[in-house]
Amino acid sequence: MTAVVRLDGSRPATDLSLAPVLARLDAWRAAGVDVAGVEIDHDCATAALPAYAAWLTRVRPPAPLRWSITALPTWAGAPALRDVAAAVDELVVQVHAIRAPRLFDAATARRWLDAVAAAVPGATLRVALPTYRVAIDGEVAAAAPAEVAGLLRDLERAPVPGLRGVVWFRLPVDGDAAAWSAPTLRAVIRGDGLTSAVTARLVARARGVYDVVLANPGTVDAPWPDLRVTGAVAAMDLIGGYAAPASSARVWTAPRKVVRAGDHVVVGWATGEDLEIDANP
């Protein structure tokens, strides 16, 4: 585990002590956590990099803890970046959420990585890549799996000097609907196909009683489909925002929701005989 310490970018780091962090790490170790390093996440102003480098040297944690920082691509043109890199073991170059309203752009990220590598030859680098979506200025910006995968494949074909790996921001966690699911992250890392294939089926619960279930066996999230149930329908109700049919066509209009990759969701029930269900009829 690497403990990431996020510092307020509006305050200089030079007046902060690392003692509270080290005390917390001691407590983690006592609880059985294998702490391998400390990473400082501080959006330091470019003009303040000389003082930041001096602070990083002064408060360096004791060995064998790895000492790293999040580095901004805008630092690449600053001569003091070499001093910053010399003060730590590793730079984690952040290439997402730099320029609103775009969350991530693969071509720009590659240029930034090349620029940082050229500015600090011999430094050990990792790249922080996004797996999430967020609201920016009232609009939803998202990291497209295909675009992130494109950068990974480009780095495999033409490696950046000193680049040792990827830090994912953030890892899949149950209940975090704003981040990719585990199947999506796995497919991006492995270079597998990025596909979505939402299916709808009727699952019998008793004679003539069915749950309406959506499933996505693909590797990326996919929208809920419109649904139609045919046959001798006695009763039917869909939940989660489905709009009831306005005519005898029996087509229920889907809300703007997604089925997570590898997931399934029960969206209602139906009763009757000889029932069949169609998605996106």
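Phi angles of region 261-266 translate, via the Karplus equation with coefficients 6.51, -1.76, 1.60 and θ = phi - 60°, into HN-Hα couplings of 4, x, 10, 9, 8, 7 Hz per residue; Gly and Pro are given as x. The angle between the Cα long axis of helix 49-58 and the longest principal axis of the Cα atoms of the chain comes to about 80 degrees, rounded to the nearest 10. Normalised by 2.2 N^0.38 Å, where N counts its residues, the alpha-carbon radius of gyration of region 199-279 equals 1.05.
On a 0 to 90 degree scale, rounded to 10, what angle separates helix 106-119 from the longest Cα axis of the chain? Approximately 10 degrees, to the nearest 10. Within the listed set Ile239, Ile40, Ile189, the residue fluctuating most in the Gaussian network model of the chain (springs between alpha-carbon atoms under 10 angstrom) is Ile239.
When Glu273, Glu147 are arranged by Cβ crowding within 10 Å, least crowded first, meaning fewest neighbours, the order is Glu273, Glu147.
Helices in the chain, meaning DSSP H runs of at least 4 residues, each add -39500 (n - 2.57). Divided by all residues, the mean residue ellipticity at 222 nm is -7000 deg cm²/dmol.
Of the residues Asp221, Asp137, the one with the fewest other Cβ atoms within 10 Å heads the list, and the complete ranking is Asp137, Asp221. Summary value for the chain: 12 percent relative contact order, contacts being C-alpha pairs under 8 angstrom separated by 6+ residues. Please report the base-10 log of the normalised intensity I(q)/I(0) for region 2-190, using a Debye sum with one equal scatterer per alpha carbon and no solvent, at each q in 0.09, 0.13, 0.19 (1/Å). Each listed q maps to, in turn, -0.35, -0.74, -1.41. Projected over every direction and averaged, the convex hull enclosing the alpha-carbon atoms of region 71-170 yields 6.2 nm². Working note: Karplus 6.51/-1.76/1.60 with θ = phi - 60° gives region 147-154 the couplings 6, 5, 4, x, 5, 4, 5, 5 Hz, where Gly and Pro are set to x. With all pairs of separate Cα atoms included, region 145-236 yields a Kirkwood hydrodynamic radius of 16.4 Å. Of all DSSP-defined beta bridges confined to the chain, some 60% are antiparallel rather than parallel.
Read the figures in this text as sums done on the coordinates, not as results from a lab. Values in this document were obtained by computation on a predicted structure and should not be read as measured data. Virtual Cβ from ideal backbone geometry, glycine too; neighbours counted across all protein chains shown.
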